[in-house]
Amino acid sequence: MNVLIVSANQFPFSPCGPAYVAGAAREAGHAVEVFDRLFSIDPVRELKEILERFKPDVVGISIRTVAGKIRERKPPYSTIPFDSRILVKELTDCVKQTSGAAMVVGGPGFNYYGEAWLHDLDLDYGLRGECEFSFPLYLSLMDQGKDIHSIPGCVFRKDGGFSKVERQWIKNLDDTALPAYDLFDLDRYVEKKIAAGIFTKRGCAFACTYCPYTSLEGKQYRLKSPKRVVEEMQFIQKANSKLTIEFNDNSFNAPPNHADAICKEILNQGILAPWSTMNLKPIGITNSRLKLFKDSGCVFLNLAIETASEDMLKSMHKGFSVCEIKNALSCLATSGIPFSVSLMFGAPGETPETIEETLKVVDDFPNISWTSATVGINLWTDHQQLVSDLIQTGQLNKDADLFGEQNYISPDLPKEYMIDLIEQLKQRKNFMVQVNMPYAGFELESFFSFPDGK
């Protein structure tokens, strides 16, 4: 069959999900093309042209997020929000009007809102979870005219409502197809300095209160072999040797011996591929480990700490300490690898004092390339422990529309303080600020729902 994979992503990030799914469809013997929304000038017209030329039997729509945030210095609070649902619907409507192809939606943005997405897009079928397995199965059953409603992770319309089947995790990730980056316009990604992302594992053993990924991928790590990871790097290099590889795992260095083994395999294979990761945990960071990273081609690291307050680390169930953060920063400062730090302000228990504790730690390391701070916690699925906690304590209505975006900030942060803090953060050198807020009609007062008198 002819299969068109549509990457509906609007962010300047790697199309790793669509690349893996396209690779899986191609390995299963189908003719595959991709439409990349990121660089299109007139997406509806360009998608229509591909549909008319390629005449796909199946169109897979990969949805990265529900809501989008663009960080810029000029707008109020350095953040331009937009609703991804509008952009995705333009594409699905185009497919309906132009082609008789079967349409199936999936991707990270679809995983927690399957029914809501199908309702909004007026579609009948989608796949949640690890589609490197389920999408080729869907194609095989479609091609044979067999029932598609028992596929692991599927969501579909039934009897005037919706039904779904439990997801199934891939046990051996080495058996999955190589990501089909060669189908994308990689010169554009090089031009925009966007890396090609790959996953070295699935699963997350951490229990951060704001993160739902353990429910998506499981608490146990499922590791790709170092040899397989390097094979993916080589495959991408053959497609475009100028690309940087980005390890997109939730925590690249967890478990640490797996990260070490990958770096050693890169050196053993003699691969000359620059790589980075935006998800380095401050656990097990040593000078020798960072030297191994650098020797194997690491060109950038982001230390994902979110806070450097001992109280907030415990409240957010981060699984590491301020001492470990300071050690990681000290090692990074002398590693010769450029690095950044990501912060998150506003979780339950956050106070002006805990924020100042965090900023003091960061300020002690002036050689940080840049710091990213998110103000306000996005509540986007009931799989977040934070959502359950807020409902239980009466701070969030149990019927709240998470698909429409909800945000939280600690009531212990006075409004005047937050206004000043955001402006101060914006003025800091090499500091990026994102304020989570509703899509339209944003006012600081309405977003931050402060108690009376504060």
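The values are calculated or read from the model by the stated rules, or taken from the named source; none is laboratory data. All values derive from a computational prediction rather than experimental measurement. Positions of Cβ are generated from backbone atoms using ideal geometry, with glycine treated the same way; all protein chains shown enter the neighbour counts.
Values computed for the structure shown
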| quantity | calculated |
| --- | --- |
| Candidates Leu267, Leu272, Leu183, filtered to the one that is over 20 Å from the mean Cα position of the chain (by Cα) and either β-branched (Val, Ile, Thr) or modelled with pLDDT under 95 (or both) | Leu272 |
| Qualifying residue in the stretch 360-380 (condition: basic (Lys, Arg) and over 25 Å from Ser309 (Cα atoms)) | no |
| Qualifying positions in the stretch 163-180 - polar (S, T, N, Q) and at pLDDT below 95 | Gln168 |
| Residue list for the stretch 132-165, filter: in a loop (DSSP other than H, G, I, E, B) and either of a type in the set (Lys, Arg) or under 22 Å from Leu223 (Cα atoms) (or both) | Lys146, Pro152, Gly153 |
| Some residue of the stretch 404-416 being over 22 Å from Asp83 (Cβ atoms), at pLDDT 90 or above and of a type in the set (A, V, I, L, M, F, W, C) | yes |
| Sole exception among (1) closer than 16 Å to Phe431 by Cβ; (2) within 23 Å of the chain's Cα centre (by Cα) for Asn367, by number | (2) |
| Options Ser215, Ser225; residue that is at pLDDT 95 or above and outside the structural domain of Pro108 (by TED's automatic domain parsing) | Ser225 |
| Single residue of Arg128, Arg202 found to be in the same structural domain as Ile262 (by TED's automatic domain parsing), among the charged types (D, E, K, R), within 21 Å of Ala22 (Cβ to Cβ) and touching a Lys or Arg at 6+ places or on another chain (Cβ under 9 Å) | Arg202 |
| Residues (assigned to a helix (DSSP H, G or I), in contact (Cβ under 8 Å) with a residue 60 or more places away in the chain and touching a strand residue (DSSP E or B) at 6+ places or on another chain (Cβ under 9 Å)) located in the stretch 105-116 | Pro108 |
| The stretch 78-104 residues that are surrounded by 16 or more Cβ atoms within 10 Å (Cβ to Cβ), paired with ones that are at pLDDT below 95 and polar (S, T, N, Q) (beta carbon under 9 Å, 6 or more apart) | Ser78/Gln434; Thr79/Gln434; Thr79/Asn436; Pro81/Asn436; Ser84/Asn9; Ser84/Gln10; Ser84/Thr65; Leu87/Gln10 |
| Residue list for the stretch 211-228, restricted to those being free of Cβ contacts under 8 Å to residues at least 40 places away in the same chain and under 16 Å from the mean Cα position of the chain (by Cα) | Tyr213, Thr214 |
| Enumeration of residues in the stretch 123-144 that are touching a residue at least 12 places away in the same chain (Cβ under 8 Å) and over 21 Å from the mean Cα position of the chain (by Cα) | Leu123, Asp124, Tyr125, Pro136, Leu137, Tyr138, Leu139, Ser140, Met142, Asp143 |
| Selected residue (criterion: farthest from Asn407 (Cα to Cα)) from residues of the stretch 295-352 that are of a type in the set (Ser, Thr, Tyr) and surrounded by fewer than 15 Cβ atoms within 10 Å (Cβ to Cβ) | Thr334 |
